[in-house]
Amino acid sequence: MIDWRCIDTVLLDMDGTLLDLHFDNYFWTEYVPRIYAERHQLSDEESSAHLHGEFSAEQGTLQWYCLDHWSQRLDLDIAALKRELQHMISARPFAVEFLTRLHHSHRDVVMVTNAHRKTLDIKMNMVDITGWFDRIVISHDLCAPKEEQTFWHRLQTLHPFDPARTLLIDDTEQVLASAQQYGIAHLLTLLQPDSQREKRINTRFPGIHHFDEIMSGGYSL
């Protein structure tokens, strides 16, 4: 699926790509609504419906990924709540093996994440994979999410790369579409970002289940 002879730069998402998205899905769709319901004396259904509307209105924006924004908006310490569940954070199968191979290759390996820095710190405290990367780029530092062209232009300015020889692996199709628009030639998605949810069948971009599928073959990593 990947001709590694054509790849100089590998851009990797974190949540749903290297880490199991189950933590995030459970946190935002079950845990936060439950705490919010208790705080505001709502039923679980009322809380979930209200928060779904709040979240949907800002999906894909930098604010949507900002823990400080939601802490203020919901009057909850979101970072503290995440730490209460940090035992649920885990790497996806073969993620560490894949990163190890990349690290020992000639390629430039960069984490590109929309996660807030507080989220990154919490997760790397549990599953520290930072040592496998040449750089870690957080969209909040670039003042634009990966869904926007601004992110890729600013990334290029800070850390120049050849889009024609770059691979991006990300579980969010809006991000992949944005990268494609910018000119990144090699794009992959994950078919099961959340290990507790069903495998996705119809994806816009080529998908893999686990990283072992692209570590071997005719032109192996």
Scope segment 171-190; condition closer than 16 Å to A144 by Cα and either of a type outside the set (S, T, N, Q) or buried (at least 16 other Cβ atoms within 10 Å of the Cβ) (or both); matching residues: T172, V175, L176, A177, S178, A179, Y182
Residues being in a helix (DSSP H, G or I) and exposed (fewer than 15 other Cβ atoms within 10 Å of the Cβ) - total across segment 56-72: 5
Conditions (1) assigned by TED's automatic domain parsing to the domain that holds I169; (2) over 13 Å from the mean Cα position of the chain (by Cα): number failed by H50: (1)
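Residue-by-condition table, conditions (1) within 26 Å of D121 (Cα to Cα); (2) of a type in the set (D, E, K, R); (3) outside any strand (DSSP E or B):
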| position | (1), (2), (3) |
| --- | --- |
| A144 | yes, no, yes |
| V175 | yes, no, yes |
| R204 | no, yes, yes |
| E213 | no, yes, yes |
| L221 | no, no, yes |
Checking H52 against (1) more than 18 Å from N25 (Cβ to Cβ); (2) at pLDDT below 95, the condition it does not meet: (1)
Test set (1) within 22 Å of P145 (Cα to Cα); (2) part of a helix (DSSP H, G or I); (3) in contact (Cβ under 8 Å) with a residue 40 or more places away in the chain - V109 fails condition number: (2)
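The values are calculated or read from the model by the stated rules, or taken from the named source; none is laboratory data. The structure presented is a predicted model; accordingly, all values stated were derived computationally and were not measured. Every residue, glycine among them, receives a Cβ derived from its backbone with ideal geometry; neighbour counts consider all protein chains shown.
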